[in-house]
Amino acid sequence: MTYRKKVCLLILVGWLVSAISLAAQVPKTPAEEARYTRYSQYQDVARFLSVLAARYPVLKVKIAGRTREVENYPGRDLFLCVLAEEGISEPAALNRNKPTVLFIASQHGNEQSAKEAALRLIRDLAAGDLRPLLKKVNVLVIPQANPYGNYFDIRQNEIGLDLNRDHVKLEGESTRAIHGVFNLYRPEVTIDIHEKGDDYYRVSVGCVSNLNIHQSLQDYSRNTILKEIEKKLARKRITFHEYLVSDVLGLDTSSGAMMTGESAREMMLRFSTTDLNDGRNSLGIYETLSFIQEGASRHDLASLEVRTGWQYEGLRALLEVVAERPAEILRLVRELRTSLLTRARLRSSDDPVHLKMAYVRDPEQPQLVLKAFERTSSNIRGILKVDKKAGDYLLAEDVAPYQGPTRLKVIDRVEKNWFPLVESRLTVRRPAGYVIPAERLELVEVLLQHGLRVQVLEKAALVEATGYRTIEVVPARADYLAPEKLEVQPEQLKIPLKRGDFYISCEQPGANLIPCLLEPQSDYGLIRYFRFNLVPAVGDYYAIYRVEAPVTLPLVDYKGW
């Protein structure tokens, strides 16, 4: 061997040793360290993020909020991980020539693989093979939205809330933190990570479905992003389908209301909810490419490693798809957000806000065929790759490994009650804004937590407005539900406003959200929560007044600092 070859060989060996040494130094996630024998807890997450942030400048960790202290569990910080190639974390400093993607994990505390996959994603973006993606995207991750639920392995948070039904009233500290992060950074893409049952489709991703979100976002999500995710997962032999939900036929039970006695009725299949109180539509309403990911799960430790892997690959696929088309995504979202402000200013009669919606059938697709698991009486040994007859020899090369559980075979299941479309059942023309009486401060606080601009009157004034007088009312059967019937008569009034009353203009980024929250007949409004006591008695006026056209009032921003 020549001297030059020896030197090259030594350099190569040195490089390999260095590379192996660096790889060995990359921190394992808490679940990897424990070999997936336990769920990672708050202290594990804090330690892991501390190590990563100290070693890798592309990662900055911030505190987005803190959960409440309760009798059996202390308050815990809610971490926000900001991953940017430039190593910055403040919203104003972020490179907005790249799309920003927000990942939210573990709103439901017993869906543990969401958190484990999010931690792995953070590590691989900071120190692993996903690092090059930061040239194309900025990434925000809330890896543990429900530390209390994670600790006790339950769905609810420390005050008994289902956080993914709390995105309208924002009662939980975690949902407030999520919306606080969204309002500060205004990401173009968001994804909320959950778990479902032990489904044949190991990863399911759903897009927005509320009719107030521009249809082009749903079309682009379904026809481009979801299709590309499916292709990427297929190459890794992970089964995929758009997220579907079973529900009681003719009802929408996704509001979070505590309802009983419906389980005996026939079931339907639909796409995920139109409600704004879940983490997907509540962020999508700002014209965001917003998604939910549901990983298949048996909710046991034995399957934690494999289900974390499925979740991770789904998240990775989404991020890769966004990084492959950053300019396209930026243009789509930003044009729609700009257009929404214009629509809010014009208040065209052919551009209403939808207050009630219903799932309906598609005559062109009356039923849906899905793959599903069916239990077998004996173990499945494999899948035949060739035709065989009884008595033929069966060789090892004739059989392919079976990917599913050995006691479950894959069948085709025909869903006859398939409701893939959403129809509008009630609309309202866009107003210029709304007047909220000073004594309704609790409503204003919720609007502020949504990042909406609210103004307060400096002195008394008179304004022309529409008041809703109640003709008939049938209260809701349960909290979280709109009144079963509410008939109102709009009346044009001159309202004497007093100092301290509030005004909220619809000409702001939440232009689609504001009427949904404040109109009395909205299925998505604040009226459906008992805590606000907004349901009027017959003959009374609804507490909030519509202002149809722009007005000049003595206003200042409320808490405008």
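How many lysine pairs in region 434-561, separated by 8 or more positions in sequence or lying on different chains, have Cα atoms less than 22 Å apart? The result is 4.
When the helices in the chain are scored as -39500 (n - 2.57) per DSSP H run of 4 or longer and the sum is shared across all residues, what 222 nm value do you end up with, to the nearest 500 deg cm²/dmol?
Value at 222 nm, helices only, nearest 500: -8500 deg cm²/dmol.
Within the straight-line cut-off of under 25 Å between alpha carbons, the lysines reachable from Lys388 are Lys371, Lys409, sequence neighbours fewer than 8 places apart in one chain being disregarded.
Can you give the longest run of the chain that contains no GluC sites (Glu not before Pro) sitting in a DSSP loop with at most 13 other Cβ atoms inside 10 Å?
Counting at most 13 other Cβ atoms within 10 Å as exposed, the longest clean stretch of the chain is 87-261.
Relative to the dominant Cα principal axis of the chain, helix 112-127 is inclined by about 70°. Evaluated with a Cβ-only charge set (Lys, Arg +1; Asp, Glu -1), the chain carries a dipole of roughly 1880 debye about its Cα centre, given to the nearest 20. Rounded to the nearest 10 degrees, the inclination of helix 226-235 to the longest alpha-carbon principal axis of the chain is 20 degrees.
What chymotrypsin sites (Phe, Trp or Tyr not before Pro) does region 412-504 have in DSSP loop regions with at most 12 other beta carbons within 10 Å? It would help to have the intermediate numbers written out before the result.
Numbers: sites: Trp418, Tyr434, Tyr468, Tyr480, Phe502, Tyr503; in loops: Tyr480.
Answer in residue order: no site qualifies.
What are the trypsin sites (Lys or Arg not before Pro) within region 314-396 that DSSP puts in a loop, where the Cβ has at most 13 other Cβ atoms within 10 Å? Present the calculation step by step, with values, prior to reporting the outcome.
Values: sites: Arg316, Arg331, Arg334, Arg337, Arg343, Arg345, Arg347, Lys356, Arg361, Lys371, Arg375, Arg381, Lys385, Lys388, Lys389; in loops: Arg347, Arg361, Arg381, Lys385, Lys388, Lys389.
Loop-located and lightly packed - Arg381, Lys385, Lys388, Lys389.
Bridging of Lys60 to lysines at a Cα separation below 21 Å is possible for Lys28, Lys98, Lys115, Lys135, Lys136, once same-chain residues fewer than 8 apart are set aside.
Pick out, in residue order, every one of the trypsin sites (Lys or Arg not before Pro) in region 491-529 that is DSSP loop and has at most 14 other C-beta atoms within 10 Å; say none if there are none. Don't skip to the answer; put the middle values down first.
Numbers: sites: Lys494, Lys498, Arg499, Arg528; in loops: Lys498, Arg499.
Within region 491-529, the qualifying trypsin sites (Lys or Arg not before Pro) (loop, at most 14 other Cβ atoms within 10 Å) are Lys498, Arg499.
Where does helix 173-185 land angle-wise versus the long Cα axis of the chain, in degrees 0 to 90, nearest 10? Its long axis makes an angle of about 90 degrees. Among the listed options (1) 59; (2) 55; (3) 49, the one matching percent of Cα pairs over 30 Å apart as calculated from these coordinates is (2). Think of the chain as a dipole: +1 on every Lys or Arg Cβ, -1 on every Asp or Glu Cβ, centred on the Cα centre; then among Pro437, Ile504, Gly560, Gly560 lies furthest on the positive end.
Assuming a ≥ b ≥ c are the square roots of the Cα gyration tensor eigenvalues, decide whether region 370-415 counts as rounded (a/c under 1.5), prolate (otherwise, with a/b larger than b/c) or oblate. Can you show the working numbers first?
Details: a/c = 2.24, a/b = 1.93, b/c = 1.16.
The shape class here is prolate.
Read-outs throughout are calculated quantities, based only on the coordinates presented, and are distinct from any laboratory measurement. Bear in mind the structure is a predicted one, so any value in this text is a computation, not a measurement. Note: ideal-geometry Cβ built from the backbone for every residue, glycine included; neighbour counts use all protein chains shown.
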